[in-house]
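Please read the structure below before turning to the comments.
Values quoted throughout were computed directly from the atomic coordinates according to the rules given, and no laboratory measurement underlies them. Model, not experiment: these values are computed from the prediction. Counting neighbours? That spans all protein chains shown, and the Cβs are built from the backbone with ideal geometry, glycine included.
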Amino acid sequence: MTTISNFPAPMLGSPNVPTTLGAVNTAANRFEAPDFGDKNELREKFTQFVGETFYGQMIKSLRSTVGKAAYFDGGQAEKAFRGQLDQQIAQHLTEATADRFAKPLFNRQFPHLAAEEAAGRSATPATLDQLKTLARR
């Protein structure tokens, strides 16, 4: 019978330490805030994402609760294009009403932009690259 103590201990090698370090940024503007572009584009894309996700899931849930109609069923063609129809409906609902609930979400996710906008100052420009920095709360 073999026990754990019969196995040899793994040999640990020397740590992988780089011999040289990379270049250090010594530019004069290294502490300035980066230029992120147009804040309105970020708000637009955020609103579009939130609205289409919300309405898309809502339509999907609504479709799952309704059975097949007795006389007005479109057959295979309706099944084939139902997803595209739902996507178009979600896009139109997003354009019409998504800003009402996406604006508070945007302000919570990007508080520094919301504070600057509320203060009346010109906000620090932002782009879609800032969506990569979203943190879970």
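A straight Cα-to-Cα reach below 20 Å connects K103 with the lysines K39, K45, K132, residues fewer than 8 places away in its own chain not being considered.
Just subtract the alpha-carbon distance of K79 and Q48 from 0.36 nm times their residue separation and send over the number in nm, one decimal.
Going from the current span to full extension adds 8.6 nm.
Partners of K79 within straight-line reach, counting lysines whose Cα lies under 18 Å from its Cα and excluding those fewer than 8 residues away in the same chain: K60, K68. Among residues other than Q48 with Cβ under 11 Å from its Cβ, the summed charge is -3 (Lys and Arg +1, Asp and Glu -1).
Need one number: nm distance between label points at A96 and N25, each 7 Å from Cα along Cα→Cβ, rounded to one decimal. If labels sit at A96 and N25, their model points lie 4.6 nm apart. If R0 equals 41 Å, the separation of the Cβ atoms of R63 and L105 corresponds to a calculated FRET efficiency of about 0.95.
In this simple spin-label model, placing a label point 7 Å from the Cα along the Cα-to-Cβ direction at both Q88 and A114 gives a separation of 3.5 nm.
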